[in-house]
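Step one of this worksheet: look at the structure below.
Please treat every number below as a calculation from the coordinates, not as lab data. These numbers were taken from a predicted model, which means no experiment stands behind them. No Cβ is skipped: glycine too gets one built from the backbone with ideal geometry, and neighbour counts run over all protein chains shown.
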């Protein structure tokens, strides 16, 4: 009995201590700093628990989250019945100061107050708020701390204020009325409805112009949502309407397990209004309507549109809300209108047809085919001439093309057939690796009339050319080209910035003919070019064999005054040049058994179109030296005849040669 008395005494003492610590002002004073410290630790705010009073049946708490935000709780409770009757008052006057607690940036103010009654098994919350300058009331029932019933009404909430609270720019304003009446929100036992209406909606044209450089007319809008929830079903009608856009949707949705049967329609007169939402710089009108039917395992989205004056249709299949496959067709899409919609310059036009049948849209296992056809295509020569600063106008270019792309996992193989009135391009296989963005492609290009490229090359040319090669781009860029020109072969290679070209057995007479230069020299040319695109520096080394000059007045004069026939000579020699951006230093050394033609370190400036060069002609022992300077197209020629002749006839020859050299160059 004495032992039992000790136990009772100890238990009574512990209860007395607990009572003193928990339910008296002395005990409250001990617990208060501990609770305040925990609040600071969890909110990361400089919070103060200014009032903390807890008795056996009552309590009062006043918490300053910080100097501008407070929470007041006051009420009665019963430990035996585990019931409570609480009054609360939350005043958040400076939401931005709560960022450590809210994580998401907020600003402005929010106030709400009300009462909480009941016990842990069932409680009721009655409250009101001025959120977004509204008159809001709410009633919530919770069973085992889970919401089972919600009734809420919001009158005249300001959309601009909601955007401000969410730290969003106020691109729109409207008055929002919301009526929520859920008698039951338990899963599979839904019973209630939602009615959302907005009025006096307006878009802020000044902010749209300032932030997105989008000019839109005065735009007003209204929005209505009427939804009824019964059991597992949600029946709804949605309407967003304005003078610039209209969105309609209606149908039935079962949230769990998900099932839908809905219709939708979008009619947007000006896409620019969507820029704040989608982030893309679009403009013009857009229309789309269709259906969404099926379950989470198989959801089918059908749609049709007249985008860019086309007849566009698609069927998208989703599994677990992820795109699985798609079939789409586009007929007679106007490229000019598509460029306008994408806010791109008008550089081309034509009609585009597209067919896509992709049976698997998963990024790691793509499977399908996409084909495109462009008809009646042409390039806007006026715009492109200005955009690329061509020195002469670009001619009108018409084209058509056929492209087929086969998708297989992370590879896209494309075949291209492009035909225009300037060039034709055929690609049998362009392979693009989606995973590493690498490309490898062959090509064949045919230009039937080189003279049509004058606007690019600024060089009159004759004839045609066909070239083929490969291009690859992974870590490095590599390009090759092989072509037959002027009876010879030209091989070109590019590795990043390193350019090289080999010319083999090129016939100079045919090359001069193609370049529309005077056809004065017939020979076989072999040459190599090495050039660095980054530094614009390179070298040209070449050699000619079996060179013979065509009839020209220069050699006729040499024959007349030296009695030596240069035409009978067969010249071999070297042509070399050092390229440093627009400055070229060239050397020419042609030799035969009895004659030579030499030019050492001729200075040519392609930007200024100037030349400064000494040229020496030697016929047996007779030497003529000339200096060319000034405009490369009409150089000033100075001839030294002292080594050639000392007679009075030298003055006459000097005049004649001066004229001839100007024509020659």
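Roughly how tilted is helix 650-664, in degrees to the nearest 10 and between 0 and 90, from the longest Cα axis of the chain?
Around 30 degrees separate the two axes.
Can you tell me, using C-alpha contacts under 8 Å and at least 6 residues apart, the relative contact order of the chain as a whole percent?
Reported as a whole number, the value is 3 percent.
Specify whether the C-alpha gyration tensor of the stretch 120-295 places it in the rounded, prolate or oblate class, a ≥ b ≥ c being the square roots of the eigenvalues: rounded for a/c under 1.5, otherwise prolate if a/b is larger than b/c and oblate if not.
oblate
What's the extension gain from residue 391 to residue 55 if we count 0.36 nm per residue and subtract their Cα-Cα distance?
On the way: separation 336, 0.36 × 336 = 120.96 nm, distance 9.27 nm.
Gain on extension, residue 391 to residue 55, equals 111.7 nm.
Taking the Cα centre of each part, how many Å lie between the stretch 36-80 and the stretch 571-626?
If we compute the Cα centre of each part, the gap is 97 Å.
Per DSSP H run of n ≥ 4, the term is -39500 (n - 2.57); total these for the chain, divide by its residue number, and report the mean residue ellipticity at 222 nm rounded to 500 deg cm²/dmol. Present the calculation step by step, with values, prior to reporting the outcome.
Details: 12 runs with 114 residues, N = 665.
Calculated mean residue ellipticity at 222 nm is -5000 deg cm²/dmol.
Starting at 0 and stepping by 20 Å, how many percent of the alpha carbon pairs of the chain end up in each bin?
Computed distribution, short to long bins: 11, 28, 23, 18, 12, 6, 2, 0.
Given 0.36 nm per residue, what is the gain on full extension from residue 269 to residue 62 after removing their alpha carbon distance, in nm? It would help to have the intermediate numbers written out before the result.
Values: separation 207, 0.36 × 207 = 74.52 nm, distance 5.39 nm.
Here the segment from residue 269 to residue 62 would lengthen by 69.1 nm.
How many angstrom lie between the Cα centre of the stretch 445-463 and the Cα centre of the stretch 331-410?
What the calculation gives is 24 Å, centre to centre.
Say each of residue 222 and residue 177 gets a label point 7 Å from the Cα, pointing the same way as Cα to Cβ; how far apart are those two points in nm?
1.1
State whether the stretch 36-139 is rounded, prolate or oblate according to the following rule on the C-alpha gyration tensor (a ≥ b ≥ c being the square roots of its eigenvalues): a/c under 1.5 gives rounded; otherwise a/b larger than b/c gives prolate, and the remaining case gives oblate. Intermediate values should be presented prior to the final figure.
Details: a/c = 2.30, a/b = 1.32, b/c = 1.74.
Oblate, because a/c is 1.5 or more while a/b does not exceed b/c.
Using the C-alpha gyration tensor of the stretch 483-641, what are the square roots of 5 times its eigenvalues, in whole angstrom, with the largest one first? Don't skip to the end; give the middle numbers.
Values: eigenvalues 165, 80, 34 Å².
Whole-Å semi-axes of the equivalent ellipsoid: 29, 20, 13.
Enter the angle in degrees (range 0 to 90, nearest 10) between the Cα long axis of helix 25-43 and the first principal axis of the Cα atoms of the chain, meaning the one along which they spread out most.
20
Please report Rg (one decimal) and Dmax (integer) in Å for the Cα set of the stretch 62-120.
Cα radius of gyration and Dmax of the stretch 62-120 are 14.4, 43 Å respectively.
With labels modelled as points extended 7 Å from the Cα through the Cβ direction, what inter-label distance (nm, one decimal) is found for residue 428 paired with residue 91?
8.3
Can you tell me the 0 to 90 degree angle between the C-alpha axis of helix 2-23 and the longest principal axis of the chain, rounded to 10?
60
Distance between Cα centroids, the stretch 414-444 to the stretch 181-237: provide it in whole Å.
If we compute the Cα centre of each part, the gap is 48 Å.
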